[in-house]
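Participant: Quick one: structure below, then a few questions.
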Amino acid sequence: MPGPDNNAEPSTVLVVGGGLAGVTAAIAAAEAGAQVTITCAGRLFGGSSFRPATWGLGLVAPDGPGDEDDLARTILDIGGGAADEALVRSFVAGIAPAVAWLEAQGVALKRPRNPDEREFVPCFDHKHRRWYGLEREPVQLALAKRIRQLGIRVHEGWELLDVRRAGGPRANGGDPLLALLLDRASGRAVVAESRSVVVATGGCGGLFERRLGAAEDTGAGHACALRLGACLTNMEFMQIMPGLVGRGDGLVFNEKMFRWARLADDAGRDALAPAAAALGIEARKALDARACHGPFTSRLDSRAVDLALNTAGPDGLRVRFADADGRPLSEASLPEFAQTYFRWLREACGLGADNESRVALFAHASNGGIAVDEHGRTAADGLFACGECTGGMHGADRLGGLSSANCLVFGLRAGKEAARRTARSASSKPYAIPESWQRPLAQASTDEAPVRETLRRVRSIMAGACMVGRSEAVLTDARAQLTEMRRCAEEAATIENLQRANAINAAQAMVDAALARTESLGSHHRCDSEERRP
């Protein structure tokens, strides 16, 4: 057994992650009668869900029961055959109940005044759906109140290092799970025992130099789940989005603004014309089409815009806004969605439609991750997952507004199912600490320097290999570098090496998936192949 300084309070359900998915799962588990603890690498209500990279989160739902089949078929269509149909249909059926649950928690959802405007059609969709806006403050206030009411314990600044079964190699389904976590405040490793663990650690955007998500989203949950026996799926489908340059980790450039955008290089020349001409499309038509979806996709001619931005590199392109006659844009003349964006942008950084700015490509959200079933169960007994760290309910491209829907639907289901599993499990018994954890638990403090250097190298590798232009030569070189880094990280079992190995393993899973898929499909673009799946 670890010493008293290394023990966290035991709970029946441990939720790892403090974003929308993790908080939802924790509340659902507690409402089902479980004793719940949340741990999160940053702060509660952190991660990509609550990061102020834009005004808030869009949430899309079917427009009544009669729209569920069309929404499911649309998800499967734009997913390019990479989504699980049974999971998709189950997901769609769960969105309306999840919205009702959120409103029952006291969250006031934003509704559009003009829902029929073109801008409220979700990314990649062919029609309007039921659209809601999740503003961070109302969500946070309502869910924080519920956490306090339910007595859920919260440990902020606890980073996931590993998850093992208490019984070791001979463990069975009745044995508890042990999570090894780093308490950043003390620099010490901590062991948390629970009957079920829900992983809600976000995506893998933190593995990239330029990102719109949270820096702590470096795939620790993916690596730990894989180590325990879970599976990963669709890891190659990483969304790449336009963002504003020079704003830290980046602010979202709202794609609707491409409708009025003019892109120029540093010399003031039209930067889009060459890429558009190569695809046989007019630059203005490419921009208008690009205004219909946020993430890059390889399957549409609008990719000309992203290819031009990709050529420009990290510094991006100059962008200004003008009407059809080339005159400066009047914000008052814009549709509701665009006005909301510029109102937020002025408050956030003093930019409006009359200002020139710079736009480049950034890693955004993951479409793939830990494979789960309709209840959030993984292939590892007792391990559940929800939110952006999961995959299967999305495919090669993802409809706008379904990331937050995923957090709610599978957060609720994973939390409830984790609580049900604890009720079926045998009572806890004394457990032995895995031998590989003895050294990390004995460390008095951690050295952050090697971890920072590893993340710097991983982010550089991923920026070169897994953004828009991917090729066998670059991916193969990336894999070789990551393999060598992984070997070095696994030489000794220390806290730092566990942190390093988790990031390296998650990055390698993405590189391996990108290597295996030799054709372009949705968000995965192979610039060395003319093969393209419709």
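Participant: State the number of lysine pairs found in the chain whose Cα atoms come within less than 30 Å, restricting to pairs 8 or more positions apart or on distinct chains.
Facilitator: 9
Participant: When the accessible area of the chain is split by element with a 1.4 Å probe, what percent falls to carbon and sulfur?
Facilitator: 49
Participant: Hey, got the dipole for the chain? About the Cα centre, +1 on K and R Cβ, -1 on D and E Cβ, debye to the nearest 20?
Facilitator: About 800 debye.
Participant: Could you tell me how many degrees, from 0 to 90 and to the nearest 10, lie between the Cα long axis of helix 85-104 and the main elongation axis, the longest principal axis, of the Cα atoms of the chain?
Facilitator: Compared with the principal axis, the helix lies near 90 degrees.
Participant: Using θ = phi - 60° and the Karplus curve 6.51 cos²θ - 1.76 cosθ + 1.60, what whole-Hz ³J(HN,Hα) does each residue of region 30-46 get, with Gly and Pro shown as x?
Facilitator: Karplus values, whole Hz, x for Gly and Pro: 5, 5, 8, x, 7, 8, 10, 10, 10, 10, 8, 5, x, 9, 4, 6, x.
Participant: A follow-up question, please. Does region 209-305 classify as rounded, prolate or oblate by the C-alpha gyration tensor (a ≥ b ≥ c root eigenvalues; a/c under 1.5 gives rounded; else a/b over b/c gives prolate, otherwise oblate)?
Facilitator: prolate
Participant: Here's a follow-up. Please state the shape class of region 381-506: rounded when a/c is under 1.5, otherwise prolate if a/b exceeds b/c and oblate if not, all from the C-alpha gyration tensor.
Facilitator: Verdict is oblate for region 381-506.
Participant: Next question. Could you order the peptides 460-473, 338-351, 411-424, 362-375 from most to least packed, using the average number of other C-beta atoms within 10 Å per residue?
Facilitator: So the peptides 460-473, 338-351, 411-424, 362-375, ranked by packing, come out 362-375, 411-424, 460-473, 338-351.
Participant: Show me the ranking of peptides 68-77, 18-27 by mean Cβ neighbours inside 10 Å, starting with the highest.
Facilitator: 18-27, 68-77
Participant: Oh, and also: Going highest first, how would you order 109-115, 496-502 by mean Cβ packing within 10 Å?
Facilitator: Result, highest mean Cβ count within 10 Å first: 496-502, 109-115.
Participant: Next question, about the same structure. Before rounding to the nearest 500, sum -39500 (n - 2.57) across all DSSP H runs of length at least 4 in the chain and divide by the residue total; then give [θ] at 222 nm in deg cm²/dmol.
Facilitator: -11500 deg cm²/dmol
Participant: Using the alpha carbons of the chain, what is the convex hull volume per residue in cubic angstrom, as a whole number?
Facilitator: With only Cα atoms used, the chain gives 140 Å³ per residue.
Participant: In terms of modelled amide H atoms, which long-range or inter-chain residues lie less than 5 Å from the amide H of ARG211?
Facilitator: For ARG211, whose amide H was placed from the backbone, the distant partners under 5 Å are ALA363.
Participant: Taking the 0 to 90 degree range and rounding to the nearest ten, how far is the long axis of helix 472-489 tilted relative to the main principal axis of the chain, both from C-alpha atoms?
Facilitator: Approximately 30 degrees, to the nearest ten.
Participant: Considering only protein heavy atoms, what per residue accessible area in square angstrom results for the chain with a 1.4 angstrom probe?
Facilitator: About 38 Å² of surface per residue is accessible.
Participant: Could you give the angle, 0 to 90 degrees to the nearest 10, between helix 402-424's Cα long axis and the longest principal axis of the Cα atoms of the chain?
Facilitator: Rounded to the nearest ten degrees, it is 10.
Participant: Could you give the dipole magnitude of region 419-496 about its Cα centre, charging the beta-carbon of Lys and Arg +1 and that of Asp and Glu -1, in debye to the nearest 20?
Facilitator: 600
The values are calculated or read from the model by the stated rules, or taken from the named source; none is laboratory data. Since this is a predicted model, take the numbers as computed values, not measurements. Reconstructed Cβ throughout: ideal geometry from the backbone, glycine too, with neighbour counts over all protein chains shown. For the accessible areas, the whole protein counts, side chains as well, though only heavy atoms, and no ligand, DNA or RNA atoms are used. Shrake-Rupley method; radii C 1.70, N 1.55, O 1.52, S 1.80 Å.
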